[in-house]
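The structure under discussion appears below in the form of structure tokens.
The values are calculated or read from the model by the stated rules, or taken from the named source; none is laboratory data. Since the model is a prediction, treat every value here as computed from it, not as a measurement. Cβ atoms come from the backbone with ideal geometry, glycine included; neighbour counts cover every protein chain shown. Note: areas computed on protein heavy atoms with side chains; ligands, DNA, RNA excluded. Shrake-Rupley method; radii C 1.70, N 1.55, O 1.52, S 1.80 Å.
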Amino acid sequence: MGQSASTAGPPPGPTRRDGNSNSFSHRMRARSTAVISPASASEEDIDFPAPDPTAADLDDLDLDLDLDYISYLPDECLACIFQSLTSGDRKRCSLVCRRWLLVEGQNRSRLSLDARSDLLPSIPSLFSRFDSVSKLALKCDRRSPSIGDDALVLISLHCRNLTRLKLRACRDLTDSGMAAFAKNCKGLKKLSCGSCSFGAAGMNALLDQCASLEELSVKRLRGIVEGAAIEPIGPGKAATSLKTICLKELYNGLCFGPLIIGSKNLKTLKLYRCTGDWDKLLEVFGERESCLVEIHFERLQVSDRGLGALSSCFELEILHLVKTPECTNSGLVAIAERCKLLRKLHIDGWKTNRIGDEGLIAVAKRCVNLQELVLIGVNPTSLSLGQLAANCPNLERLALCGSETIGDAEISCIAAKCVALKKLCIKSCPVSDQGMEALAGGCPNLVKVKVKKCRGVTIEGAEWLRASRGSLAVNLDTGVVADHLEASASDGGGIQENVAELPAVVSHIAAADIPATSTGRSGLSKARLGLSAGRNLLMCTFRRLSSINNSSSHSS
């Protein structure tokens, strides 16, 4: 099928002195774009430079364009080339010849299959070709019957070196099938399953057999239903190796409590939209020594009691609290006082006003390593923002969304004090062009500004900001309904949002051309007048053309 790695170089091809030299010269002349060499052209046609005494004699070179040099490439080198290609290109390369088909299949470690029930007969031939797969994804259409236990067990027999498995909508898998799979693939390190039908027994079998499991992600596990007598899940042998647990949309996610508590080396805990009261579990979890680094809570029933228990995680660096209405300033203060290594903080207050200046000031005083802060539906003032800017010298990314108290004064405070800030996002806040003007003279390290649905900020103001800061990227989405000109120009006639992506260079407005005057009118005002006049002229021109077209159509 292929050549071994120790194969010698290609045999010498026909030389210019052979009888094939005429055909070789003819092939070279036939291509108008080919480079003409001395070996294929006469001295009457080309003026050659002076000969180089150190150059090789081209007459002694062996050239044969028909020779397949790739066939002498070792399989290992060919496999490295395939690994740098996209999935589609690899498939096309496998159709070139039998050798490429074999090499591509034997060196493919990642495979994704359509996990419908008719996959079962093809499994032996598939995994005979792809015999080195270590990362497998089995995804089924929700409207189609999926593979069952027989198919999963057969796959496990062919892929005993499997380290990652992703299951999506495999509704015909049962606890017995998962148990048999776990016995054959004990080296599994990562499992992600969503919308599957097995339950606690299958999950426990996997945790008991796969002692090297490091990441577990479970979403909508149909075998765990609310109200039933659910078997507790975990901890199992995998508890010593688990580093990441992610649970999403589980009716009875608390049955994973023994696994969460028993995972001694857990680094990341993510809980999204799981029912149940989680405070008691978190209190038990906080009683032991923990090395937890990252926590994500979204639409979870957790209060300040749970946050207070998690404050014992002294190595915590990333905290996301998204739509947890029972969490208040008190819980955030408890976290800030003990988790001093916090680097990233995301809070979606759901406009409940239960987290504000008090909690943020505590973060500013204690968490001096803060690099990223995202506030959604939270109403901070200049008091807390000033503290954050003064005490957190590494704050590089800041997002303020849906905040009623973020106005021009707060943006001016950020511009004056956040020296390290690189990226700023403002959405649905009462900010105007005055805030943009303040950013023009502050935040010396600012690289990108994104403004969305702030009705007080105009395109002219954003362009003036961009013109004042030559290297600043400004992304503006005003969220305002497009004017009559844009609506009439679109074929659909639907409502469009006014979006402007301002490039890195603005040619028609320069910062030096719009200085402030002695009359008190700022350069921003001048820019507005100029841009408004140009836009009005453009609109009048289009309307006049439209009226001419309408009159001509009526006359015809």
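Could you tell me which residue of the stretch 76-100 is surrounded by the fewest Cβ atoms within 10 Å (Cβ to Cβ), considering only residues that are closer than 19 Å to Phe127 by Cα and touching a residue at least 24 places away in the same chain (Cβ under 8 Å)?
Arg98
Answer yes or no as to whether Ala137 is in a helix (DSSP H, G or I), within 28 Å of Asn252 (Cα to Cα) and open to solvent by 10 Å² or more (accessible area, probe 1.4 Å).
The answer is no for Ala137.
Determine, yes or no, whether Arg98 is modelled with pLDDT under 90 and under 25 Å from the mean Cα position of the chain (by Cα).
Spelling it out, it is not the case that Arg98 is modelled with pLDDT under 90 and under 25 Å from the mean Cα position of the chain (by Cα).
In this structure, does Ser384 turn out to be among the hydroxyl-bearing types (Ser, Thr, Tyr), at pLDDT 95 or above and either open to solvent by less than 10 Å² (accessible area, probe 1.4 Å) or within 30 Å of the chain's Cα centre (by Cα) (or both)?
Judged against the criteria, Ser384 is a match.
Just checking, how many residues over the stretch 187-198 are open to solvent by less than 10 Å² (accessible area, probe 1.4 Å) and within 17 Å of Ile230 (Cα to Cα)?
The number of residues fulfilling the criteria is 2.
So which residues in the stretch 305-317 are within 15 Å of Cys339 (Cα to Cα) and either within 22 Å of the chain's Cα centre (by Cα) or part of a helix (DSSP H, G or I) (or both), if there are any at all?
The answer is Gly306, Leu307, Gly308, Ala309, Leu310, Glu317.
Name the one entry in Leu63, Leu58, Leu113, Leu73 that is over 30 Å from the mean Cα position of the chain (by Cα), modelled with pLDDT of 80 or more and surrounded by 12 or more Cβ atoms within 10 Å (Cβ to Cβ).
Leu73
For the stretch 98-108, indicate whether the set of residues that are in contact with a strand residue (DSSP E or B) (Cβ under 7 Å, 6 or more places away or on another chain) and closer than 28 Å to Ser212 by Cβ is non-empty.
no
So which helices (runs of 4 or more DSSP H) stay within the stretch 335-438 end to end and still have 3 or more residues that are farther than 24 Å from Thr324 by Cα?
In the stretch 335-438, the matching helices (runs of 4 or more DSSP H) lie at 382-391, 408-417.
Which members of the stretch 443-472 meet the condition of being open to solvent by less than 40 Å² (accessible area, probe 1.4 Å) and not in a helix (DSSP H, G or I)?
Once the filter is applied, which keeps residues that are open to solvent by less than 40 Å² (accessible area, probe 1.4 Å) and not in a helix (DSSP H, G or I), the stretch 443-472 yields Cys443, Leu446, Val449, Val451, Cys454, Gly456, Val457, Arg469, Leu472.
Looking for something surrounded by 17 or more Cβ atoms within 10 Å (Cβ to Cβ) and under 23 Å from the mean Cα position of the chain (by Cα) - is there at least one such residue anywhere in the stretch 326-335?
Looking through the stretch 326-335, none of the residues is surrounded by 17 or more Cβ atoms within 10 Å (Cβ to Cβ) and under 23 Å from the mean Cα position of the chain (by Cα).
Name the residues in the stretch 147-177 that are open to solvent by less than 70 Å² (accessible area, probe 1.4 Å) and part of a strand (DSSP E or B), would you?
Passing the criteria: Leu165, Leu167.
Can you confirm whether the stretch 340-349 contains a residue that is open to solvent by 10 Å² or more (accessible area, probe 1.4 Å) and more than 27 Å from the chain's Cα centre (by Cα)?
The answer is yes; a qualifying residue exists.
Within the stretch 350-363, which residues are surrounded by fewer than 24 Cβ atoms within 10 Å (Cβ to Cβ) and not basic (Lys, Arg)?
Passing the criteria: Trp350, Thr352, Asn353, Gly356, Asp357, Glu358, Ile361, Ala362.
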